[in-house]
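Report on the structure given below.
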Amino acid sequence: MGIELFWDNDEQTILLCEFDKHWTWDEMFSTLNTVKKITDAREDEIGAIIDLSRGLTVPGGSIFNADTREKARQMLKMGEDGKGPIVVAGANGFFRTVHKAFSFIDRDVMNDVYFTDTVEQARTLMTRRLRTGRMIPA
């Protein structure tokens with residue numbers, strides 16, 4: 001399965017990106033390209049929920065090897081022109097720590113990224129964020 005992308009609501013303002021535990025960088029970049037095409041074609045703001053509740057491994061085995069760091073940098077660069085918020089559901093503590101580290105490197109890329117424990121919590125936060133233009137904690 002790898003990575004699957006769906007509309008999460010009838011209004012097509014929220015994308016749901018589900019990660020299987022085992023995914024590839026090619027799947028990630030293909031998904032990001034699809035998201036970019038969708039958001040570039042739309043004037044309205046699109047939110048994304050990233051579902052990591054099935055667990056997450058890093059292709060290549062370690063976030064600390066040079067190839068993985070370079071791919072992560074490329075992934076973040078693709079998100080620089082994002083047109084909407086991201087809520088990550090089910091991320092473990094390590095992933096949240098990595099997010100904080102990237103936030104120090106480039107705050108603008110990560111300033112509209114939030115975390116919840118479940119997809120349902122993510123939907124609630126995303127709906128509030130898109131409706132009000134700001135994140136309102138649950």
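Where a number appears in this text, it was derived from the coordinates with a stated rule and is not lab data. Predicted model only: the values in this text are computed from it and were never measured. When we count neighbours, we look across all protein chains shown, and the Cβ atoms used for this are built from the backbone with ideal geometry, even at glycine.
Quick notes on this structure:
- Restriction of the chymotrypsin sites (Phe, Trp or Tyr not before Pro) in the stretch 1-47 to DSSP coil positions whose beta-carbon has at most 11 other beta-carbons within 10 angstrom yields no sites.
- Charge tally around Phe19: other residues with Cβ under 12 Å, Lys/Arg +1 each, Asp/Glu -1 each, net -3.
- Inter-label distance, Trp25 to Arg131: 4.1 nm, where each label sits 7 Å from its Cα along the C-beta direction.
- Stretchable slack from Thr57 to Glu4, in nm (0.36 nm times residue separation minus alpha-carbon distance): 17.5 nm
- Note on Glu45 and Glu70: their simple-model spin labels are 3.6 nm apart, each label 7 Å out from Cα toward Cβ.
- Of Lys37, Lys71, the sequence from fewest to most neighbouring Cβ atoms within 10 angstrom is Lys37, Lys71.
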